[in-house]
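Structure first, commentary second.
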Amino acid sequence: MANIIIWTGSSTFATGSTPFGFYDTDSSFQLDADKVAKFCATRLGYPLVDIELQSGSFYAAFEEAVTVYGNEVFNFKVRDNYLTLEGSSTGSALNNTVINPNLGGIIRIAENYGSEAGVGGFVTYHTGSIQLNFNQQMYDLNDWATQSASLAAGDSIEIKRIFHNAPPAMVRFFDPYAGTGTGFQSLMQAFGFGSFSPGINFVLQPIYFDLQKIQSIEFNDQVRRSGYSFDLVNNQLRVFPIPDGGTSLLFHYIKRSERDTPVNPYYSGSNLVSNVTNVPYQNPVYGQINSIGRQWIYQYSLAVSKEMLGYIRGKYQSIPVPNESVTLNGSDLLAAASIERAALLEQLRNLLEETSRQKQLERKKNEAESIQTSLHSIPLPFYIG
């Protein structure tokens, strides 16, 4: 097997040196790539010991660290703003965009309840009617739906509202030709006004008289007549009072397939955010990452390099030499790399969590309360005029 060149102590970065080439054209990345390679090799023991890695290994670790950093940052932004982002366009990247929280997602959720209450939502309310037959109280609305609702196989309807009410009292309040409902016909005769034709006679009364008259008619119907009502069980409708025929009963209904569909017809399409995988965040621009982020990236690059070196040295537990053997530290490197990577990720996630909208509002609330407490402790001066 030919000898493979390992780290020689220096490197020269060129475009195409990383596996994916995400940042190869970024001048800041190009400038730091060789520095990171030297940093990682030095931290791993070079030049006191040989480092069985090449410059490409360090470049790959560097690229992975930048990508992981961006993924963690943007994943956090997605989690913190997903209710706002869902349903928005995927047309342009959000990397350098300040997300403006809005109530769109909350309203979409609330509209599902509005559909059930009949005050909005995305479910279509259909209108139907049946003919009330003389002396027939029971009507099967499932049979009506099969014939008239244009249902797909396996679909059914759900009745949401039935319009079966008594005629309003106002229609029986005043009959201009019969003079009924007011009780003033004899009074009109006494004043000598009853002989006028047609019999459209008016006597001015205060508004509370009209209201009391309407209440009287409604109370009379409630006590002395059969109340208008209905009973609906499993789309089997019973109407009261017994119909005398000649009228139609209207109702609103929905199709269960339209209510139960998981697809929102107003928020569907290939260019809309539908899940966390198509939120339009891209890999970060390395040149825009500040010194705090770059320091994290350097440490993560070292951890990845340490892991690669651990796998290489772990291929052999020891190397025989004349009259002795050398034990390699592959397992130690792997263990240390795993701990360091986990610690760096936890550190970054804790930092991001502290910058969440909820944490920032809590901090502002505590700050405002502390300021108020401090102000209340300041003695107020007395002014003598």
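The values are calculated or read from the model by the stated rules, or taken from the named source; none is laboratory data. Fair warning: this is a prediction, and the values are worked out from it, not measured in the lab. Counting neighbours? That spans all protein chains shown, and the Cβs are built from the backbone with ideal geometry, glycine included.
When only residues in the range 332-385 that are assigned to a helix (DSSP H, G or I) and of a type in the set (Ser, Thr, Tyr) count, which is farthest from Tyr82 (Cα to Cα)? Selected residue: Ser374.
Set side by side, the residues Leu333, Leu302, Leu309, Leu348 differ, and just one is closer than 17 Å to Phe76 by Cβ and in contact with an Asp or Glu (Cβ under 8 Å, 6 or more places away or on another chain), which is Leu348. Of everything in the range 139-184 that is among the polar types (S, T, N, Q) and under 30 Å from Gln212 (Cβ atoms), the residue that is modelled with the lowest pLDDT is Thr180.
Counting the residues of the range 128-148 that are touching a strand residue (DSSP E or B) at 6+ places or on another chain (Cβ under 6 Å) and either assigned to a loop (DSSP other than H, G, I, E, B) or among the polar types (S, T, N, Q) (or both) gives 3. Note on the range 250-269: among residues that are out of contact with any Asp or Glu (no Cβ under 8 Å at 6 or more places or on another chain) and under 18 Å from Asn142 (Cα atoms), the one that is surrounded by the most Cβ atoms within 10 Å (Cβ to Cβ) is Phe251.
If only residues of the range 221-249 that are polar (S, T, N, Q) and at pLDDT 80 or above are counted, the one that is surrounded by the most Cβ atoms within 10 Å (Cβ to Cβ) is Asn235. For the range 149-169, the tally of residues that are surrounded by 14 or more Cβ atoms within 10 Å (Cβ to Cβ) and not in a strand (DSSP E or B) stands at 7.
Restricting the first member to the range 95-121 and to residues that are in the same structural domain as Gln288 (by TED's automatic domain parsing) and at positive phi, and the second to residues that are outside any helix (DSSP H, G or I) and not basic (Lys, Arg), the beta-carbon pairs closer than 8 Å and six or more apart or on different chains are Gly118/Tyr125; Gly118/His252. Residues in the range 43-78 that are exposed (fewer than 15 other Cβ atoms within 10 Å of the Cβ) and within 27 Å of the chain's Cα centre (by Cα): Asn71 alone.
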